[in-house]
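Notes follow the structure.
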Amino acid sequence: QVQLVETGGGLVQAGDSLRLSCAASLRTFSNYNMAWFRQAPGKEREFVAALTRSRNTYYQDSVKGRFTMSRDNAKNTVYLQMNSLNPEDTAVYLCAATTRLYSRNYAQYDYWGQGTQVTVSS
């Protein structure tokens with residue numbers, strides 16, 4: 001059974017940092033393209049960042065320069081380092097995995113975690 005488990009969310013103030021982790025019980029984890037999405041109340045799920053199996057990274061424009069995604073294939077884990085957080089970053093952050101080509105479309109991802117809440121106060 002495939003599981004993706006996100007941890008590291010919380011309540012922080014504007015300007016603070018958080019590091020999210022996503023541990024995946026995926027066989028051949030290194031073959032998966034991984035991504036982070038987020039969903040705020042009443043809004044659609046949106047792409048945040050992706051890190052492909054070939055180690056290419058992609059970011060949503062609003063997080064470029066503030067967020068960094070990384071992966072540790074030995075630990076079957078991806079991370080999202082989030083700096084200079086602002087209230088607009090408040091959302092549930094979800095980890096996703098796919099063996100298909102990298103995409104910003106959430107429908108292209110086969111496996112999802114349950115999400116971790118990030119709340120940024122002003």
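The values are calculated or read from the model by the stated rules, or taken from the named source; none is laboratory data. What you see is a predicted model, and the numbers here were worked out from it, not measured in a lab. Cβ: placed from backbone, ideal geometry, glycine included. Neighbour counts: every protein chain shown. Each accessible area value is taken on the protein alone, full model and side chains, heavy atoms only, with ligands, DNA and RNA left out. Shrake-Rupley method; radii C 1.70, N 1.55, O 1.52, S 1.80 Å.
Worth a mention:
- Modelled spin labels at A74 and A40, positioned 7 Å past Cα toward Cβ, are 3.9 nm from each other.
- Among the trypsin sites (Lys or Arg not before Pro) within the stretch 25-122, those in coil by DSSP and having at most 12 neighbouring Cβ atoms inside 10 Å are R27, K43, R55, K64, K75, R100.
- Summing charges over neighbours of P41, with a neighbour being any other residue whose Cβ is under 15 Å away from its Cβ, gives -1 when K and R count +1 and D and E count -1.
- Size of charge dipole - the stretch 52-122 - debye, nearest 20, with Cβ of Lys, Arg +1 and Asp, Glu -1, no other charges: 320
- Residue-count net charge about F29 - beta-carbon cut-off 13 Å; Lys, Arg +1, Asp, Glu -1: +3
- Lys, Arg +1 and Asp, Glu -1 on Cβ, resulting dipole of the chain about Cα centre, debye, nearest 20: 400
- Taking the 1.4 Å solvent-accessible surface of the stretch 73-113 as the whole, the part contributed by carbon and sulfur is 49%.
- Taking every C-alpha pair closer than 8 Å and separated by at least 6 residues, the mean separation divided by the residue count of the stretch 1-83 gives a relative contact order of 30 percent.
- Highest-fluctuation residue, G15, G65, G42 considered, GNM on the chain with Cα pairs under 10 Å: G42
- Net charge of Cβ neighbours under 14 Å - reference Q60; Lys, Arg +1; Asp, Glu -1: +1
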